[in-house]
Amino acid sequence: MKFYNTLTRRVEEFVPREPGKVKMYTCGPTVYNFAHIGNLRTYLMEDVLEKTLRYIGYDVTRVMNITDIGHLSSDADSGEDKMLLGAKREHKTVLELAKFYTDAFFRDCEALHIKRPDVVQPATGCVEDFIRVIEALVEKGYAYKAGGNVYFDTSKVENYHKFFNFREEDLEVGVREGVDEDANKRNKNDFVLWFTKSKFEDQALKWDSPWGVGYPGWHIECSCIAMKYLGEYVDIHCGGIDNVFPHHTNEIAQSEAYLGHEWCRYWFHVLHLNTAGGKMSKSSGGFLTLKKLEEEGRTPMEYRFFCLLSHWRNSLVYSEDTFANAANAFRKLKSRCLAIPAEGEVDAAAAARWQQPFRAALEDDLNTSQAITCLYDMLKDKELNGATKRAVIEDYDRVLSLGLLEEEAKEEVSGIDAEEIERQIAARAAAKKAKNYAEADRIRAELAAKGVTLIDTPAGTTYKIG
Ligand code: AMP
Ligand code: ZN
């Protein structure tokens, strides 16, 4: 298996420390709002990475944190506390807010067939671990107290900027705008490990510590949670590209200072989903959620397919048109798969032959669109009987997780399958083109009677069931 490693700036052969076993860490969501479909792209591609590793035969242990404390609106420890702001906005306690959005996040993951990591750990459950590690960092001379807070001293580490392919000024765009520099910091990049002097008088969650009552900074949680469950070494650490600096840079600095050795060899960063107007972000408010897509008649599987069509190392631009194209292609693909009769005996040798190009595509820097091309090629293979095709689809779906052979329960109830709906949509479009609006309306009404609501968009007609 080869994939691009942000640390070395190369596509590299992946070699875990322990043969056959992979320890994987994922930065989880900050639970102050719904995840937007950009965040979900990152989790979705990390899911594909995990499933590919399992497909190849690795035994994977994956850990994810839930950030329910300490993440300020700037990743560089300034601005407002995201959780406090959210709690105020929604008249909830911080813990209620965290629970609400954590549940919403996992509902989205489930709908997108994103496997739940083996360990999911909210930061508020590990404060003792954070304090222990911060104490050790203070003792070793890597951390200092100033103005009531404890800071990590970035000048004490030899090579702070591990991800040297990124220019600091590029990564900091928008991070510090309009925000005062913290005068307590000895060096510009120093970051808070423990806050006691909070500017938020109403900070809801506080813990006692050797430095006074307060709460942890954001970066320390991932290092500690990873060490708690995965030990001193992580094989692959994942996140979105914006995590490279300062979050992951700081995670490396503090973890390696604490451990005294290299911590994680492979860093997997997914590029962003953007809209034509720019980056999608939770704090900007104007973002698309999975729920919103569903209200527009889209399905989570269409979104999964849309993401799999492009490479995780390219930014992906979301537009109604590009999404509608992918969604239509997905529906056709799925009907095609479902229409395959389960005839004959599975030809194991032929199925194994078709595993090769699929696996090769994924092993080559997780080339998901190539893997999907392989699926289309396999469907065209005239030598394969139905039972074998179905077996290969199921095998591919261990990684793609598109539910290609899952019958839609609702469609059965309405007594109409996806292919038939597509045919009716095409007939209605033809009727409209011929200005036969009565016929177009009749088709719409007939479908509505079967529980299928047509939705006209600039990119064509889609539908929703129920
Ligand atoms: P957050 O909940 O804000 O901490 O973000 C959760 C994850 O989504 C992180 O791994 C981010 O790097 C990632 N992320 C944030 N914005 C985007 C975006 N527009 N596209 C893809 N991933 C994103
Ligand atoms: Zn993290």
Review point. Out of (1) at pLDDT below 90; (2) assigned by TED's automatic domain parsing to the domain that holds Leu85, what's the single condition that is false for Asp180?
Key: (2)
Exercise for review: Give the residue that is nearest to Glu12 (Cα to Cα), with candidates limited to residues of the stretch 231-263 that are of a type in the set (A, V, I, L, M), more than 12 Å from ligand 2 (Cβ to nearest atom) and crowded, with 20+ Cβ neighbours inside 10 Å.
Suggested key: Ile236
Revision key, fill the gap. With criteria (1) of a type in the set (Asp, Glu); (2) within 24 Å of Lys2 (Cβ to Cβ); (3) part of a loop (DSSP other than H, G, I, E, B), Asp377 comes up short on (3)
Point to revise | Residue match in the stretch 1-23 (condition: within 26 Å of Val127 (Cβ to Cβ), within 16 Å of ligand 2 (Cβ to nearest atom) and of a type in the set (A, V, I, L, M)) | key: no
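Does Asp208 qualify as being outside the structural domain of Ile69 (by TED's automatic domain parsing), more than 16 Å from ligand 1 (Cβ to nearest atom) and surrounded by fewer than 24 Cβ atoms within 10 Å (Cβ to Cβ)?
Considered against the rule, which asks whether it is outside the structural domain of Ile69 (by TED's automatic domain parsing), more than 16 Å from ligand 1 (Cβ to nearest atom) and surrounded by fewer than 24 Cβ atoms within 10 Å (Cβ to Cβ), Asp208 comes out as yes.
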Exercise for review: Only one of these is more than 19 Å from the chain's Cα centre (by Cα) and over 15 Å from Leu379 (Cβ atoms): Ala339, Ala351, Ala360. Name it.
Suggested key: Ala360
Check your understanding: So which of Gly147, Gly141, Gly125 ends up being at pLDDT 95 or above, more than 29 Å from the chain's Cα centre (by Cα) and either of a type in the set (Gly, Ala, Ser) or within 11 Å of Asp190 (Cα to Cα) (or both)?
Key -> Gly141
Practice item. Could you list all residues from the stretch 27-58 that are more than 16 Å from ligand 2 (Cβ to nearest atom) and not in a helix (DSSP H, G or I)? Key: Asn33, Phe34, His36, Gly57, Tyr58
Practice item. Confirm whether Leu402 is under 35 Å from the mean Cα position of the chain (by Cα) and outside any helix (DSSP H, G or I). Key: yes
Review point. Are any residues in the stretch 4-14 assigned to a strand (DSSP E or B) and either touching a helix residue (DSSP H, G or I) at 6+ places or on another chain (Cβ under 6 Å) or buried (at least 21 other Cβ atoms within 10 Å of the Cβ) (or both), and if so, which ones?
Key: none
Check your understanding: Ile465 fails exactly one of the following numbered conditions: (1) in contact with a Phe, Trp or Tyr (Cβ under 8 Å, 6 or more places away or on another chain); (2) modelled with pLDDT under 95; (3) crowded, with 16+ Cβ neighbours inside 10 Å. What is the number of that condition?
Key -> (1)
Practice item. Just need a number here: residues in the stretch 15-42 that are surrounded by fewer than 24 Cβ atoms within 10 Å (Cβ to Cβ), touching a helix residue (DSSP H, G or I) at 6+ places or on another chain (Cβ under 7 Å) and either aromatic (Phe, Trp, Tyr) or at positive phi (or both). Key: 1
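Let's see how each residue does on (1) within 16 Å of ligand 2 (Cβ to nearest atom); (2) without any contact (Cβ under 8 Å) to a residue 40 or more places away in the chain; (3) assigned to a loop (DSSP other than H, G, I, E, B); (4) within 17 Å of Pro29 (Cα to Cα):
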| residue | (1), (2), (3), (4) |
| --- | --- |
| Ser281 | no, no, yes, yes |
| Phe287 | no, no, yes, yes |
| Leu293 | no, no, no, no |
| Gly297 | no, no, yes, no |
| Tyr303 | no, no, no, no |
| Cys307 | no, no, no, no |
| Ser310 | no, no, yes, no |
| Asn314 | no, no, yes, no |
Study note, to complete from the structure: Per the list (1) of a type in the set (Asp, Glu); (2) farther than 30 Å from Trp194 by Cα; (3) within 13 Å of ligand 1 (Cβ to nearest atom), residue check on Glu251 breaks on (2)
Practice item. Could you please give the count of residues in the stretch 19-68 that are charged (D, E, K, R), over 17 Å from Gly231 (Cα atoms) and modelled with pLDDT of 95 or more? Key: 6
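The values are calculated or read from the model by the stated rules, or taken from the named source; none is laboratory data. These numbers were taken from a predicted model, which means no experiment stands behind them. All Cβ positions, even for glycine, are placed from backbone atoms using ideal geometry, and neighbour counts span all protein chains on display.
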